[in-house]
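Notes follow the structure.
The values are calculated or read from the model by the stated rules, or taken from the named source; none is laboratory data. As the structure is a prediction and not an experimental result, all values here were calculated from the model. As a convention, Cβ positions derive from the backbone with ideal geometry for all residues, glycine included, and neighbour counts pool all protein chains shown.
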């Protein structure tokens, strides 16, 4: 799709907004930055208007200068714009930005089953400018760093920002390592608070969905005393409480994994009514084997074949799907297993269950933030001290635990006894009617896979507390020279505990766990007597409860004894893990004039930074030696770290050369010395050329770098199972999709290794941009910027699919047993290179009409290139623009936000459009390999387009009200195949793109005293 075609498309789909923008081009007065409709190149700071003569400091520079001549693309977002869009949290703001990528950086995209590094993102919302990743976007508060999230030790949790105290947000869409150091590869987001507030402001905000669920609430108050200009001091404080209520997948009809005609079905065979499987004998619970026989050899049941075929029924048999059964869909969320879509012929009589319905579309989140600042004028000098903090509690809930038969680590056998005879015989009779050979095994226990609905959804409850304190002093030191100095300390401490859905296993899952237990005679698969035993059970843990027959896996309802048994072996309240990240920083700089050039005075800034970063991860006391195993918990004791420190010393210089009245060039260079990584030097040069008042050309070139996070270096190695069966050996299967009929294309289910790498090096980047700003009148402005980012030695971990797709370059990472891939090494590394290019378009226009001002605007991002390779010698892979991916950033070709508003002294009315381009859909194995077609299969995800409406009124000098409707036409997220067989996560929509809440009504009331 060409850029012109994309613009034409957006103008057809609701683009009267853009058309109006282009039509408003008549003279007008300059507007202040507090007006979100100000022309794009009209920037201001500290309350200055675009018409002010004083120079100021903007994000991306250390030199005071005229912001109207800035050579850098800087987007300023005011509180008025946030109110207009109904944005009530930093997370919502980040998702709103078109320059932000579409990664798994919000709470919705991390609320399901996750693997690898994402396992530690509980409660984390991060920024991801230009799709470079959360660790490559620098987040600042008043120009200084905040602490990374306590669990990850890498990305910043934006929800720690004191939103009630924010005056504006500056988004620098350019690399800034030469100014700020590491992390600033994708760009910088600087949250700037009020600095001279007097009075009292109270605000209440509600965002209520039409369906009455997933509501959002916020209460905040700000108080300030003393005017800096008149009294010489100011003291202010702000506090805010917010709550996001839970929204489950089962609450929205578009969350539906059972849409086989559209090419989507779910692979799991762990259902609320158990699916039966062959299983080998277990010496304790099934010494003579199971009802359906063993998996191979002498224990197999040769007659277990589908009638009239030679196909073994080893892929699972569910009584609901057998002749005379109630049907898989008789269970809420149940569906017949689609063996054709998943290319698993042996699962014809299996059922599936829609795991997406159990995931949270909006995680429950409660946040308290506070902010205080004191500023005093000491003659010409100004001293400030500020403190901010937050306490956030998030409950990550996802699908109920699946218990799957393994003769050693999870021996699950439903016995025949007096309590179970009725159920056992019913199941047996159904089986024998179809598979007569089963009759020979009557009395043997039934091996199965089961989804425990009565256990409740799995839940991690994470509490994150942050604190940041800073002091600073600034003022003149000589004629034309100023100084700035400051110190700050910031920390983020997170702790996760288990909520519902987890239970003690009751057996030793491995030889290592048995040897380390201290229990005499302990062996893999033996009873773990350290685990609690439920009343009436004959063995400990959930295994003992199930194998006693007290719990009935073939029923969706459980007895009181079963419920009491689950409570007795529950692990709720167990500490999962915790982490703490700290940053101590000192900085000082001087700036002033050197000499004159034809265009004015040459300005220079010189400075240094020092900071110490400290990270600790405590693992879990529940996973140390001597404690019973809890089934299927992502304990990270292998990653436990005593505090690790990193010192960073930096010196920088920036010089602005006003060569002519029309030409300005700025150069900057920064040298950073990182303990453990040595020294790096990164330059930046930018230029602005304004041949006329209405035209400006701008450009920049810079290099950047990013050092690995502590956990990317020091994490231990964790081995995780792969429950899916849609992977193939790339060396034997050219199609890359499962197709048992093709030799070499049978499914493989390798485990995976994740963890750190002590030999990781920093990643480096090189980027440049070219732009034009067109302002023929004070009533219209437009800008178009081209940008290119090249990153080498990318720090990261290959995903399962990336490794298999590039297996030829990583043969040592594919571990085989008897020629079959059984283990994939996905540990962190410097994995190749990434190339990204794009265009960013901004339009603003206004005119006086109907006694007020009519304004229109558009912010859009068009992706030109997105490619990557995983070794220097490897070629770059195919374009990732408009292509579904399970992990990383989803490259949408075009995104825009457009608005049309009218305001006067009392009223404001605004209509906005949010547009996100569609992309190529995922295809499940049966469609991908061509063995099956479905009449309504959707090979492309539709565009996502919603509209927001708001009406505001200034009732009097004290009271202002704003009413809004988000998602005016109640548009559902477009259908997308996001289900991942390898983790059991995902569903029928894309949380990286769409808002699942539907139409909602917002009300904001502000009272000023």
### Task
Looking only at the range 175-224, count how many residues are at positive phi and surrounded by 23 or more Cβ atoms within 10 Å (Cβ to Cβ).
4
### Task
Name, by its number, the condition in (1) modelled with pLDDT under 90; (2) buried (at least 19 other Cβ atoms within 10 Å of the Cβ); (3) in a strand (DSSP E or B) that does not hold for residue 643.
(2)
### Task
Report whether or not residue 744 is at positive phi, surrounded by fewer than 21 Cβ atoms within 10 Å (Cβ to Cβ) and either touching a helix residue (DSSP H, G or I) at 6+ places or on another chain (Cβ under 6 Å) or in a loop (DSSP other than H, G, I, E, B) (or both).
yes
### Query
From the list 758, 798, 804, 826, which residue is surrounded by 18 or more Cβ atoms within 10 Å (Cβ to Cβ) and either assigned by TED's automatic domain parsing to the domain that holds residue 177 or over 24 Å from residue 268 (Cβ atoms) (or both)?
798
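Of the residues in the range 555-584, how many are over 24 Å from residue 462 (Cβ atoms) and in a helix (DSSP H, G or I)?
Qualifying residue count for the region: 7.
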### Query
Looking at residue 443, is it on the phi > 0 side of the Ramachandran plot, more than 44 Å from the chain's Cα centre (by Cα) and not assigned by TED's automatic domain parsing to the domain that holds residue 550?
no
### Query
Residues in the range 567-582: is at least one closer than 21 Å to residue 417 by Cα and touching a helix residue (DSSP H, G or I) at 6+ places or on another chain (Cβ under 9 Å)?
no
### Query
Does the range 235-251 contain any residue that is in contact with a helix residue (DSSP H, G or I) (Cβ under 9 Å, 6 or more places away or on another chain) and assigned to a loop (DSSP other than H, G, I, E, B)?
no
### Output for the range 432-451, where each listed residue is loosely packed, with under 15 Cβ neighbours inside 10 Å and either assigned to a loop (DSSP other than H, G, I, E, B) or out of contact with any helix residue (DSSP H, G or I) (no Cβ under 8 Å at 6 or more places or on another chain) (or both)
433, 436, 440, 442, 443
### Hits in the range 196-214 - residues which are in contact (Cβ under 8 Å) with a residue 40 or more places away in the chain and not in a strand (DSSP E or B)
196, 210, 211, 214
### Task
Confirm whether residue 649 is over 30 Å from residue 510 (Cβ atoms), assigned to a strand (DSSP E or B) and touching a helix residue (DSSP H, G or I) at 6+ places or on another chain (Cβ under 6 Å).
no
### Task
Could you please find all residues in the range 323-340 being in contact (Cβ under 8 Å) with a residue 40 or more places away in the chain and assigned to a loop (DSSP other than H, G, I, E, B)?
323, 324, 325, 331, 332, 333, 337, 338, 340
### Task
Having 2 or more residues that are closer than 30 Å to residue 701 by Cβ is the bar; report the strands (runs of 3 or more DSSP E) wholly within the range 756-846 that clear it.
763-777, 780-792
### Message
closer than 28 Å to residue 638 by Cα and surrounded by fewer than 18 Cβ atoms within 10 Å (Cβ to Cβ): which single residue out of 485, 478, 560, 516 fits that description?
### Response
516
### Message
Anything in the range 83-104 that is in contact (Cβ under 8 Å) with a residue 24 or more places away in the chain and assigned to a loop (DSSP other than H, G, I, E, B)? List them, or say none.
### Response
85, 86, 88, 89, 97, 98, 99, 101, 102, 103, 104
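Just to be sure before I move on: is residue 889 part of a loop (DSSP other than H, G, I, E, B) and buried (at least 22 other Cβ atoms within 10 Å of the Cβ) in the structure I sent?
Spelling it out, residue 889 is indeed part of a loop (DSSP other than H, G, I, E, B) and buried (at least 22 other Cβ atoms within 10 Å of the Cβ).
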### Positions within the range 715-741 being without any contact (Cβ under 8 Å) to a residue 40 or more places away in the chain and surrounded by fewer than 18 Cβ atoms within 10 Å (Cβ to Cβ), in sequence order
721, 732, 734
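Conditions tested, residue by residue: (1) over 25 Å from residue 130 (Cβ atoms); (2) modelled with pLDDT under 90.
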| residue | (1), (2) |
| --- | --- |
| 777 | yes, no |
| 783 | no, no |
| 787 | no, no |
| 790 | no, no |
| 798 | no, yes |
### Message
Looking at 289, 303, 315, can you tell me which residue is part of a loop (DSSP other than H, G, I, E, B) and at pLDDT below 90?
### Response
303
### Message
Quick check on residue 103: is it on the phi > 0 side of the Ramachandran plot and at pLDDT below 90?
### Response
no
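Check the range 457-464 and report whether any residue there is closer than 30 Å to residue 423 by Cα, in contact (Cβ under 8 Å) with a residue 60 or more places away in the chain and touching a helix residue (DSSP H, G or I) at 6+ places or on another chain (Cβ under 9 Å).
Checking the range 457-464: at least one residue is closer than 30 Å to residue 423 by Cα, in contact (Cβ under 8 Å) with a residue 60 or more places away in the chain and touching a helix residue (DSSP H, G or I) at 6+ places or on another chain (Cβ under 9 Å).
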### Message
Going by what's in this entry, would residue 265 be described as more than 30 Å from residue 383 (Cα to Cα) and under 31 Å from the mean Cα position of the chain (by Cα)?
### Response
yes
### Query
From the set of residues in the range 909-922 that are surrounded by fewer than 22 Cβ atoms within 10 Å (Cβ to Cβ) and part of a strand (DSSP E or B), which is nearest to the chain's Cα centre (by Cα)?
920
